Amino acid sequence: MVLGFLRAAGPSTPYDLKQMHAVSVGHFWSLPHSQLYAEPERLAKAGLVGEEREEAGRRRRRFTITAAGEAALDAWLADADAPSPELRDVALIKLFFGADPHAIAERRLAYHEQLLQTYEGLHADLSQAKDAPRGPISTLEAGIRHERGMLAYWRELLQR
């Protein structure tokens, strides 16, 4: 993810990476923000990113992807294998252990409706943008379908 952000955005601070994560893949790939501060340093030690530090002021560190980082990112993107996805939803754990399905379903419906609106709005904006990259559009389409499926599930649970 860090290599992908650096390729797309160019030189970036860990804070920049955190911001990029929040408005893009953060919708489907959560991680502790501290990882976006530690990972660039690890990648620098591996020679996959370069690091420059400001001489004065806040002495921010800016990272750039190296040729080795480009090659590693290309190899990772070309590998079609991916581990099985995980579904981690506290509401489902609560249901499993006997929580009131109606109380949970009402809250989950509101959450998934809001998220669906967000994804549909982002999709509409990106779809209208000239030369918009296909990857984010395709990812939003998966998110839209997921949210529609979750809405159907919670609505059905309410009607039982």
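The values are calculated or read from the model by the stated rules, or taken from the named source; none is laboratory data. Predicted model only: the values in this text are computed from it and were never measured. Please note: Cβ atoms are built from the backbone with ideal geometry, for glycine as well, and neighbour counts cover all protein chains shown.
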Of everything in the range 115-134 that's on the phi < 0 side of the Ramachandran plot and acidic (Asp, Glu), which residue is modelled with the lowest pLDDT?
Asp125
Just to verify a result, which residue in the range 6-30, among those that are among the polar types (S, T, N, Q) and not in a helix (DSSP H, G or I), is surrounded by the fewest Cβ atoms within 10 Å (Cβ to Cβ)?
Ser30
Which of the residues that make up the range 14-43 are modelled with pLDDT of 95 or more and of a type in the set (Val, Ile, Thr)?
none
Lone unmet requirement of (1) surrounded by 13 or more Cβ atoms within 10 Å (Cβ to Cβ); (2) under 19 Å from Ala9 (Cα atoms); (3) over 20 Å from the mean Cα position of the chain (by Cα); (4) modelled with pLDDT of 95 or more for Ala67
(1)
Just need a number here: residues in the range 14-41 that are within 14 Å of Leu122 (Cβ to Cβ) and either touching a residue at least 60 places away in the same chain (Cβ under 8 Å) or hydrophobic (A, V, I, L, M, F, W, C) (or both).
6
Considering only residues that are of a type in the set (Lys, Arg) and under 18 Å from the mean Cα position of the chain (by Cα), which ones fall in the range 70-128?
Arg88
Being surrounded by 12 or more Cβ atoms within 10 Å (Cβ to Cβ) and closer than 18 Å to Tyr15 by Cα is the filter here; which residues of the range 42-61 pass it?
Arg42, Leu43, Ala44, Val49, Gly50, Glu51, Arg60, Arg61
Those residues of the range 52-73 which are under 20 Å from His21 (Cα atoms) and either in contact with a strand residue (DSSP E or B) (Cβ under 6 Å, 6 or more places away or on another chain) or not aliphatic (A, V, I, L, M) (or both), in sequence order
Arg60, Arg61, Arg62, Phe63, Thr64, Ile65, Gly69, Glu70
